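Encoded as structure tokens, the structure appears first; notes follow it.
Quick note: the coordinates plus some simple rules give every number you see, no bench work behind them. Note that the structure is predicted; figures quoted are calculated from it, not measured. Cβ placement follows ideal geometry from the backbone for every residue including glycine, while neighbour counts extend to all protein chains displayed.
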Amino acid sequence: MVQSFASLVSQDVDEKSSPFDGLRWSGDRPEVQVDGTWYKPVAIDGIGVDEILAIADTWSPGREKRFAEDLVPILVRLKWKGDEKVDLDLRSLKDGSAVRLEGVEMTRAKRQALWASRNASESSGVRQPTPPARISVKEARADIEAFGAGLKDQFAYLGLGEVDLDRELAQIHDGLTGDQADILQLRLELHRLLMRFGDGHAQVRSNLPPGQPGDKYLPFLLVESRAGVVAVLPDRSALVAPDADPSWGVKYAPVVLAIDGKTMEEWVELARPYIANGSPQLVHRRALGDMREIDWVRRVLGKETGAPLKVTFSTVDGSKTIERELELSASRPTYGPWPRSKSTILEGDIGYLRIVHMDGDVDSLHEAMEEFADTKGLIVDVRGNGGGTRELLLA
């Protein structure tokens, strides 16, 4: 069945969420998948995996089920101050090197996928069945009715948009033909409808991942700059920009004008129905982020997946362009918090307070403010902060 939910409560992390795309076991030790790569987990937001497993062992039926399905309750018991994004300390399975991934999103869909396809066997030896990709039209229509009833009963944005919910749901309902309905297609239609209300925290998901095994991703992150959209390496260490012709009088052509023959504004317009009906800035930023799932995007548009990217770059002034063909990546690049800086005292005796998340860590805020008490000035940096609780503001 299609699972729908809108963030009708605070932005605190969902207790039925996980940061892992996949989970398997090597003996009694977990191995986790993040953005297509498998690792040995070491810590989650500084809480050791051994501590987590120790508690999981005390909850029936044991660590394999509880680490997969009850990670958030265990973390909370270990005094974790929950947030929708976590920092993961991992070890590479290839060479044992330490890896740190910052700002990995905790989602219900990831936890649901772990529940549905856990690699480890239950004590009975029976594996969880793979969720079906299709359901009967009768079940799909029942899901549509339940979706509408849930919105009418709980959705605060229902009266804010010029959307005739009953008419829109009837069109989706009547558009189902035959005996079977594709779950992902139904999810997309309900999601597009929900986005029209403008709630930036609402979404529709199913218990199936949106992509398919083997899907590829952009080999870079797309970010906005004063000059236009630019591509940066996933670790943000450098721009992805071809060298300019020496006769142009500039060194690089850093601005991304087009991908696969479509301008960036054309891509934004194609993505608009799948993004909350919010400000132009919100739509633009989320569209660029969604393009990471380039094979999924291509599939939705009926295009070939897996093909190399054709990227058109330009100079800052737009007078010269270069086209390059780039291979896709097997790993999904993540944005994470940015800038990745910490609170400190800057040159000139200026305090710099970095607030990455609006969480409940009031003690750390007080400590920082005491350190800045005698400085000549204070900079408060909340760039990239997605919100959360009001505790820091009240403090």
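A few notes on this one:
- Nonlocal amide H pairs with residue 99, under 5 Å, H built at 1.01 Å: 90, 91, 92
- Within a Gaussian network of the chain (alpha carbon springs, distance under 10 Å), most fluctuating of 329, 247, 343: 247
- Rg over Rh [alpha-carbon atoms, Kirkwood Rh] for region 69-114: 1.02
- Here the gap between residue 262 and residue 196, fully extended at 0.36 nm per residue and compared with their Cα-Cα distance, gives a gain of 21.3 nm.
- Divide the volume of the convex hull around the Cα atoms of region 3-116 by the residue count and you get 108 Å³ per residue.
- Note, ³J(HN,Hα) from phi for region 309-317, Karplus 6.51, -1.76, 1.60, rounded to Hz, x at Gly and Pro: 7, 10, 10, 9, 9, 9, 5, 4, 7
- Rotationally averaged projected area of region 129-219 (alpha carbon convex hull; nm²): 7.8
- Close amide H partners of residue 106, meaning residues 5 or more places away or on another chain with modelled amide H under 5 Å apart, are 85, 86.
- Restricting attention to region 221-326, lysine pairs at least eight places apart or on different chains and with alpha-carbon atoms under 17 angstrom apart total 4.
- The trypsin sites (Lys or Arg not before Pro) of region 337-382 that meet both conditions, a loop assignment by DSSP and at most 15 other Cβ atoms within 10 Å of the site Cβ, are 340, 342, 376.
- Top of 347, 51, 224 by mean-square fluctuation, Gaussian network on the chain, Cα under 10 Å: 347
- GNM on the chain, alpha-carbon springs under 10 angstrom: the most fluctuating residue among 140, 149, 181 is 149.
- Across the chain, the volume of the C-alpha convex hull divided among the residues equals 188 Å³ per residue.
- Volume per residue of the C-alpha convex hull in region 194-345, rounded to whole Å³: 156
- Once both labels are positioned 7 Å from their Cα atoms along Cα-to-Cβ, the gap between residue 325 and residue 60 label points is 6.1 nm.
- Greater than 31 Å apart at Cα, pairs in 40/138; 110/342; 85/216: 40/138
- Cα→Cβ-extended label distance, 7 Å offset, between residue 149 and residue 385, nm: 4.1
- At R0 = 35 Å, FRET efficiency that the Cβ-Cβ distance of residue 282 and residue 94 yields, to 0.05: 0.35
- Distance (nanometres) between label positions extended 7 Å along Cα→Cβ at residue 33 and residue 376: 5.5
- Calculated FRET efficiency, residue 116 to residue 239, Cβ-Cβ distance, R0 = 30 Å: about 0.15 to the nearest 0.05.
- Neighbour net charge for residue 185 - beta-carbon separation under 13 angstrom, K R +1, D E -1: +1
- The largest-to-smallest principal axis extents of the Cα set in region 272-349 are 56, 35, 28 Å.
- Full-stretch length increase - residue 349, residue 138 - with 0.36 nm per residue and alpha-carbon distance subtracted: 69.2 nm
- Each Lys and Arg Cβ is given +1 and each Asp and Glu Cβ -1; about its Cα centre, region 134-205 then shows a dipole of about 200 debye.
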